[in-house]
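Engineer: Let me begin by handing over the structure; questions about it come next.
No lab work stands behind these numbers, since they all come straight from the coordinates. Fair warning: this is a prediction, and the values are worked out from it, not measured in the lab. Here the Cβ positions follow ideal geometry from the backbone for every residue, glycine too, while neighbour counts run over all protein chains shown.
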Amino acid sequence: MKRSDLTEFEIEEQNLKLRIKREPDLGNLDYSSIDVPAPLPVAMPMQSVSIQGAPSAAPVNDKSIAFIKSPMVGTFYKSPSPDTAAFANVGSKMNPESICCIIEAMKVMNEIQAELKGTILEILVENGQAVEFGQALFKVKVD
């Protein structure tokens, strides 16, 4: 910000608002004496959607069950466009290179690979739903 003489920058998108403001140079300020309030906790409800006809849930400690998780914050899309077929459905066979969905982040469409070999048991998010980093998207029976 110093190189471009910016003093303030703000961006807002869906549920995210980021504001950065550069304060004037205060020289040799002793930062140990500054009181900074603790951030308030934010509770984001996690939603799970079971697709009708999905096989019954396996035990949590079952080593043959894995989850494809979101590698980023963004919006989940099951297909490249509204009028095309989904990348993955319940019962779809996946390979590590298989594209299972798209996550849109900052207007960029990111194709997400399954990174494992198996069969989709359950889709855990809805099309168009906001997802968090590390959130489970698909439940998979590993081959």
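Engineer: Mind putting a number on the dipole of the range 65-142 about its Cα centre? Charges go on the C-beta only, +1 for Lys and Arg and -1 for Asp and Glu, and I need it in Debye to the nearest 20.
Structural biologist: It comes to approximately 240 debye.
Engineer: Here is a further query. In nm, to one decimal, how far is the Asn110 label point from the Arg3 one, both placed 7 Å along Cα→Cβ?
Structural biologist: 2.4 nm
Engineer: Which of Lys63/Lys107; Lys107/Lys139; Lys69/Lys107; Lys17/Lys141 have a Cα-Cα distance over 32 Å?
Structural biologist: The pairs that break the limit, which is 32 Å between Cα atoms, are Lys63/Lys107; Lys17/Lys141.
Engineer: Something else now. Rank Ala66, Tyr77, Asn127 by how far each Cα sits towards the positive end of the charge dipole of the range 65-142 (+1 on Lys, Arg Cβ; -1 on Asp, Glu Cβ) and give me just the farthest.
Structural biologist: So the residue furthest toward the plus end is Ala66.
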